[in-house]
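Right, one structure below, let's go through it.
The values are calculated or read from the model by the stated rules, or taken from the named source; none is laboratory data. Keep in mind that what you see is a predicted model, and the values were worked out from it rather than measured. Note: ideal-geometry Cβ built from the backbone for every residue, glycine included; neighbour counts use all protein chains shown. Surface areas here come from the heavy atoms of the whole protein model, side chains and all, with no ligands, DNA or RNA. Shrake-Rupley method; radii C 1.70, N 1.55, O 1.52, S 1.80 Å.
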Amino acid sequence: MFYDYTVKDIEGKDVSLSQYEGKVVLVVNTASKCGFTKQYKGLEALYEKYKDEGFVILGFPCNQFGSQEPGSNEEIQNFCDITFQVTFPMMAKIDVNGEEEDPLYTFLKKEQGGLFGKDIKWNFTKFLIDRKGNVVDRFAPQKSPESFEDAIKALL
C-alpha cells in the first residue's frame, strides 16, 4: 500500500508516506532541464488551489532521462524555489527504473502500468493516489497538470 513506504525529502530526512493518509496525492518524477520543466508552474497552481481540500503533490527529482536533473538536492531545491516558487514537498533525487529503482516506484508501476510497459519513459510521469492509498491513474509526461484537474477534483 502507498502508505507503507518511507522516502527521503530533499533535505535527506525520512518521510513516512503514512502522513498523507486521507489525502489525494500526485506523485511526479521531475527534472530541472527538461522540455516539460515548465509543468512545475501548473503543478504549483493545482497545489495552491486544492491543498486546503486535502491535495498534495510529491516531486521526485530523477536524472535517468537525458541527464536532465544533474544537480544536487540543494541545487534542485534552489532551482524550484527561485524559478517556479514551488511550495509542494520535494523529495530527494531517486531512480524510477532499473537496479537502483526506489521501492515506491516499483509499487506505483505495478499498480498502474503505462501504455508501453511499466517502466517510466520520461520526466514528469504522474501517478494519482486517492484518499485510501489506491493508485487510481497514471498520466504521461506530455499531459499538462491542467488536463487532469477534473480527475483530482473528483477524488477530493
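Subtracting the Cα-Cα distance of Ile82 and Lys13 from 0.36 nm times their residue separation leaves 22.6 nm of extension gain.
Listed peptides 144-151, 118-125, 41-48 appear in the order 118-125, 41-48, 144-151 once ranked by packing, highest mean of other Cβ atoms within 10 Å at the front. Of the residues Phe84, Phe127, Phe60, the one that moves most in a GNM of the chain with alpha-carbon contacts below 10 Å is Phe84. Were the residues from Thr106 through Lys118 laid out at 0.36 nm apart, the gain over their Cα-Cα distance would be 3.4 nm. Model label points for Met1 and Asp137, set 7 angstrom from Cα along the Cα-to-Cβ axis, are 2.4 nm apart.
Which value, in Å², gives the accessible area per residue of the chain when a 1.4 Å probe is used on the protein heavy atoms?
Numbers: 7500 Å² over 156 residues.
On a per-residue basis, 48 Å².
Computed with a 1.4 Å probe over protein heavy atoms only, the accessible area of Lys51 comes to about 70 Å². The reciprocal of the average 1/r between distinct C-alpha atoms defines the Kirkwood hydrodynamic radius, which for region 6-154 equals 15.2 Å.
For the chain, calculate the relative contact order in percent as a whole number, restricting contacts to Cα pairs under 8 Å that are 6 or more residues apart. Numbers along the way, then the final one.
On the way: 287 pairs, mean separation 47.2, N = 156.
Dividing the mean separation by the residue count of the chain yields 30 percent.
Could you tell me whether region 71-135 comes out rounded, prolate or oblate from its Cα gyration tensor? Rule is a ≥ b ≥ c as square roots of the eigenvalues, rounded for a/c under 1.5, then prolate if a/b exceeds b/c, otherwise oblate. It comes out prolate by the Cα gyration axes.
Once every DSSP H run of n ≥ 4 in the chain is given -39500 (n - 2.57) and the sum is divided by its residues, what mean residue ellipticity at 222 nm do you get, rounded to the nearest 500 deg cm²/dmol? Show your work: numbers first, answer last.
On the way: 4 runs with 40 residues, N = 156.
The helix contribution divided over the chain gives -7500 deg cm²/dmol.
Quick one: plug the Kirkwood hydrodynamic radius of region 27-90 (C-alpha pairs) into Stokes-Einstein at 20 °C, 1.002 mPa s, and report D in µm²/s. Mind showing how you got there, number by number?
Values: Rh = 11.9 Å.
Reported coefficient: 180 µm²/s.
For the chain, with all protein chains in place and a probe radius of 1.4 Å, 49% of the accessible heavy-atom surface sits on carbon or sulfur.
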